[in-house]
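As structure tokens, the structure follows; a few thoughts come after it.
The values are calculated or read from the model by the stated rules, or taken from the named source; none is laboratory data. All figures in this text were calculated on a predicted structure; none of them were measured in a lab. Reconstructed Cβ throughout: ideal geometry from the backbone, glycine too, with neighbour counts over all protein chains shown.
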């Protein structure tokens with residue numbers, strides 16, 4: 001059973017394999033995303049992040065969730081050698097690069113807490129897989145063609161061990177990711193960077209950071225154990241990390 | 001007796017504090033008692049380390065475990081009118097069918113979406129039009145990166161559970177979708 005709601009300006013999709021699906025589970029997950037949106041949306045005048053940017057809330061007065069995001073941002077900045085930063089070129093905070101993966105991960109934890117084992121939660125193309133799909137196989141995720149308007153698939157991966165998968169790119173929103181180290185870097189060489197990691201929070205933050213690294217991003221992912229990546233340049237040439245191919249065939253079917 | 005009880009409980013609290021700080025890291029104030037639920041809720045995260053063979057200063061990934069979800073109780077203060085108004089598309093009662101939104105001028109082209117409603121809910125959102133700022137021609141490039149495999153991308157069948165791609169949280173997307181869903185409203 002699959003349900004979609006538009007939250008955080010993007011489709012949030014929850015699919016729970018049959019047998020486990022109940023309406024109140026979907027409602028609980030969507031309510032959580034609405035709560036996150038209300039707190040972290042820079043589009044909302046009354047969100048906490050907007051108030052922080054307007055200096056209406058001091059750092060000491062931040063909510064626990066906000067403080068956690070700020071701490072995780074600081075940590076991520078260090079882990080990515082400064083390529084991840086919630087401070088935008090104009091000096092305000094934009095936590096969206098971290099909040100999406102974090103909230104998907106938390107939403108997954110809500111379902112796990114309810115005893116649900118087979119599902120995925122997706123927000124705007126970033127996915128946390130858990131257990132197996134309807135057919136009892138690992139969740140099969142397509143990497144979107146960055147050159148086409150439709151949701152065309154150019155690569156398929158299977159996620160057998162509850163991985164998260166996230167894609168960063170410049171092809172949909174224009175340049176919504178910038179290189180914090182060189183604000184004039186247009187990041188045109190690489191148009192799409194997909195990262196598979198141990199969970200969506202990790203996959204998402206490293207996808208964002210490695211995309212900001214341009215051509216070097218795939219080598220950064222190559223150096224991270226437990227992560228695989230697939231980058232696509234503007235000429236349509238994909239480069240993958242050495243372990244990526246382990247995800248491209250459905251070897252794990254027999255363990256389902 | 002009372003004294004002994006008091007001091008032993010103080011010692012216990014101190015030990016609990018030390019353990020807490022060691023397990024969760026020092027960032028969380030120890031006096032926040034409900035922290036214990038953090039571990040019971042958290043999923044088991046696979047451990048991973050950085051590859052030590054690569055160059056450059058090693059980042060040391062820690063297995064971050066975001067705290068469990070909290071109910072949406074906070075931040076209900078002083079509602080003011082959002083500017084620009086975010087077109088919040090709430091799930092309501094929709095009529096089944098397919099609804100095409102208006103084509104909205106985006107940054108470098110038009111965005112137009114179609115919403116598919118089944119059982120009163122949104123079951124799919126499809127792009128009918130979409131800005132294309134990249135050349136479509138795919139040609140083999142001769143540069144090869146050391147060690148890593150490269151390939152020219154090619155279209156596969158769409159027999160997948162879902163698709164990973166860069167998010168489309170553009171204002172144009174919201175606007176086209178809102179207009180599609182307004183037609184679906186009962």
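In region A:4-36, the qualifying residues are those that are closer than 15 Å to residue A:96 by Cβ and at pLDDT below 95, and the one that is farthest from the other protein chains (Cβ to nearest Cβ) is A:12.
Among the residues examined, residue A:39 does not qualify as within 7 Å of chain B (Cβ to nearest Cβ) and not in a helix (DSSP H, G or I).
Number of residues in region A:212-230 that are within 9 Å of chain B (Cβ to nearest Cβ) and touching a strand residue (DSSP E or B) at 6+ places or on another chain (Cβ under 8 Å): the value is 8. Where strands (runs of 3 or more DSSP E) sit wholly within region B:102-186, those with at least 1 residues that are within 7 Å of chain A (Cβ to nearest Cβ), modelled with pLDDT under 80 and farther than 30 Å from residue A:242 by Cβ occupy B:121-129.
Applying the set (1) outside any helix (DSSP H, G or I); (2) closer than 19 Å to residue A:120 by Cβ; (3) free of Cβ contacts under 8 Å to residues at least 60 places away in the same chain to residue A:26 leaves exactly one unmet item: (1).
For region A:60-96, a residue qualifies if it is within 9 Å of chain B (Cβ to nearest Cβ), part of a helix (DSSP H, G or I) and either touching a helix residue (DSSP H, G or I) at 6+ places or on another chain (Cβ under 9 Å) or closer than 19 Å to residue A:213 by Cβ (or both), and the qualifying residues are A:65, A:67, A:68, A:69, A:72, A:75, A:76, A:78, A:79, A:96. Restricting attention to region A:145-157 and to residues that are farther than 15 Å from residue A:240 by Cα and touching a residue at least 40 places away in the same chain (Cβ under 8 Å), the residue that is surrounded by the fewest Cβ atoms within 10 Å (Cβ to Cβ) turns out to be A:147.
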